[in-house]
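Peer 1: Shown below is the structure under consideration.
The values are calculated or read from the model by the stated rules, or taken from the named source; none is laboratory data. If you're wondering where the values come from, they're calculated on a predicted model, not measured in any experiment. With ideal geometry, Cβ positions are generated from the backbone for all residues, glycine too; neighbour counts draw on all protein chains shown.
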Amino acid sequence: MNVYDSARMADVLAPLGYAEAAAADGADMVIVNTCHIREHAAEKVFSELGRLRLLKQAKAERGGHLIIAVAGCVAQAEGEEILARAPFVDIVLGPQTYHRLPEMVAKASRAGGHVLDTDFPAEPKFDHLPAPTAQGPSTFLSVQEGCDKFCTFCVVPYTRGAEYSRPAAAILDEARGLAAGGVREITLLGQNVNGYHGDGPDGGAWGLGRLVRALADVPGIERIRYTTSHPRDLDDELVAAHGEVAKLMPFLHLPVQSGSDRILAVMNRQHTAEHYRRLVERLRTARADLALSSDFIVGFPGETDADFEATLRLIRDIGFAQAYSFKYSPRPGTPAAAMAEQVPEALKEERLAAIHELIGAQAKAFNGGCVGRRFDVLLDRPGRHAGQLLGRSPYMQSVYASLPETMLNTVQRLRVVEAHANSLAAVLDTDMGETDIGERACA
Ligand code: SAH
Ligand code: SF4
């Protein structure tokens, strides 16, 4: 989401004459786009600002002026504190106001002093943003923002605000424009993306399944993904879309956080581990080659050995192609931060190591199982070595192969010949038969 927001901030600033600089050194403005999801992310902001202060001083000594802006969720949550601790910051803006950046920049350069804008404006920012320009064959498209779920560990409902779904017609227009600019793969974005319920062009409310079907009909769009989804909101229509829309990639990031019903309840996730297991079963019935990824939090307040065991059991039962796991990080103002029974750091570390080991083994088995398979790969970058191109498999793995540069930005059928820790090596598949994909996932 921050990558997407940064790109949109660049779009908004382009008419003012700003273009992306290769490095902060020498730039006229630096925007630090921040994340508040875990403590570590927020801490990094202040150390980054310390470095920028030196750049600003050096530039001032040469008679220049460096504008420093802090954007994103740390700015939203701690705007006043940022200005107090780092008074050399010119602009602080939240994730819902960056369409107003041009005014803020004008104000900051004209009057000096600080500009702080962390409103949740009534008018959605999307109505004021210029149409995004295609940057390569794969791009994000934001369809939904904010969250009303209030999981007890999470700051998102406070920093990103209430759930909002963009009208389907605006999304489809944007997708057509992106496709015309060369985009082949679209990743639909939202904090709770499958909670999408936008106004449809037909006057009714559209869910994500309906939107995915409509996007699959946009000429030029060959692949569709969405992230991040919540197990509670994955409705029948979306499950069916996984089975019926070939362009919807067979890889789903579906965070579950814990395998213990007791912890899931205290987290306010509003579903059980059994619900998740059944949901995965239904998805795999709809699309046999579906592979899954997930998020896990270890050391949530009150998590016992038995609770953690239940999480490991769930991971073993489901089998993930990859997953992210995090130590629980108390976030100011969230209910879980105030809970008794905070888990000691050493135990969190121990559980994190155990979960990493299990997930790492599953990911390795998954990648290994891909050797010999044939995939359609979107080749979106030059490879590390001359004569190589790099792309993404349907399962989001990095795939590289020796291929002519003319194949850059196209989808090609490749056969995987070798699996490494973080990538797959492949060769062009000359047999133009059906892909193997369709029968089963890799593991
Ligand atoms: N909307 C998504 C998750 C968005 S946040 C969902 O409902 O699943 C991305 C991930 O960050 C979460 O899935 C969670 O695993 C992690 N996360 C969020 N808050 C956290 C916290 N306080 N401590 C540790 N991890 C956290
Ligand atoms: Fe945070 Fe996701 Fe829960 Fe919303 S659903 S509160 S974004 S973890």
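Peer 1: Identify all residues within segment 381-429 that are among the small types (Gly, Ala, Ser) and free of Cβ contacts under 8 Å to residues at least 12 places away in the same chain; write none if there are none.
Peer 2: 386
Peer 1: The conditions are (1) within 21 Å of residue 221 (Cα to Cα); (2) assigned to a strand (DSSP E or B), and residue 415 fails exactly one of them. Which is it?
Peer 2: (1)
Peer 1: Of the residues that sit in segment 387-403 and are in contact with a Gly (Cβ under 8 Å, 6 or more places away or on another chain) and surrounded by fewer than 18 Cβ atoms within 10 Å (Cβ to Cβ), which one is nearest to residue 181 (Cα to Cα)?
Peer 2: 398
Peer 1: Return yes when residue 120 is at pLDDT below 95, touching a His at 6+ places or on another chain (Cβ under 9 Å), at negative phi and not polar (S, T, N, Q) and no when it is not.
Peer 2: no
Peer 1: Right, residue 24: touching a His at 6+ places or on another chain (Cβ under 9 Å) and either closer than 25 Å to residue 159 by Cβ or at pLDDT 95 or above (or both) or not?
Peer 2: Against the criterion (touching a His at 6+ places or on another chain (Cβ under 9 Å) and either closer than 25 Å to residue 159 by Cβ or at pLDDT 95 or above (or both)), residue 24 does not qualify.
Peer 1: Pick from 363, 336: which is among the small types (Gly, Ala, Ser), assigned to a helix (DSSP H, G or I), surrounded by 21 or more Cβ atoms within 10 Å (Cβ to Cβ) and touching a residue at least 24 places away in the same chain (Cβ under 8 Å)?
Peer 2: Of 363, 336, the one residue that is among the small types (Gly, Ala, Ser), assigned to a helix (DSSP H, G or I), surrounded by 21 or more Cβ atoms within 10 Å (Cβ to Cβ) and touching a residue at least 24 places away in the same chain (Cβ under 8 Å) is 336.
Peer 1: Where the second residue is assigned to a helix (DSSP H, G or I) and the first is free of Cβ contacts under 8 Å to residues at least 40 places away in the same chain and lies in segment 270-284, which pairs have Cβ atoms under 6 Å and are six or more apart or on separate chains?
Peer 2: So the pair list comes out as 272/261; 280/318.
Peer 1: Conditions first: (1) surrounded by fewer than 22 Cβ atoms within 10 Å (Cβ to Cβ); (2) part of a helix (DSSP H, G or I). Residue 293 passes all but one, so which condition is the exception?
Peer 2: All conditions pass for residue 293, except number (2).
Peer 1: Run residue 226 past the list (1) at pLDDT 95 or above; (2) out of contact with any Asp or Glu (no Cβ under 9 Å at 6 or more places or on another chain); (3) over 20 Å from residue 37 (Cβ atoms) and report the number of the one that doesn't hold.
Peer 2: Here residue 226 meets the rest and fails (3).
Peer 1: Checking the conditions here, which among 384, 331, 351, 373 is within 27 Å of residue 137 (Cα to Cα), buried (at least 18 other Cβ atoms within 10 Å of the Cβ) and basic (Lys, Arg)?
Peer 2: Exactly one of 384, 331, 351, 373 is within 27 Å of residue 137 (Cα to Cα), buried (at least 18 other Cβ atoms within 10 Å of the Cβ) and basic (Lys, Arg), namely 373.
Peer 1: Taking only pairs six or more apart or across chains, which ones have beta-carbon atoms under 7 Å, a first residue in segment 131-157 that is at positive phi and within 16 Å of ligand 2 (Cβ to nearest atom), and a second residue that is aliphatic (A, V, I, L, M) and in a loop (DSSP other than H, G, I, E, B)?
Peer 2: 146/162
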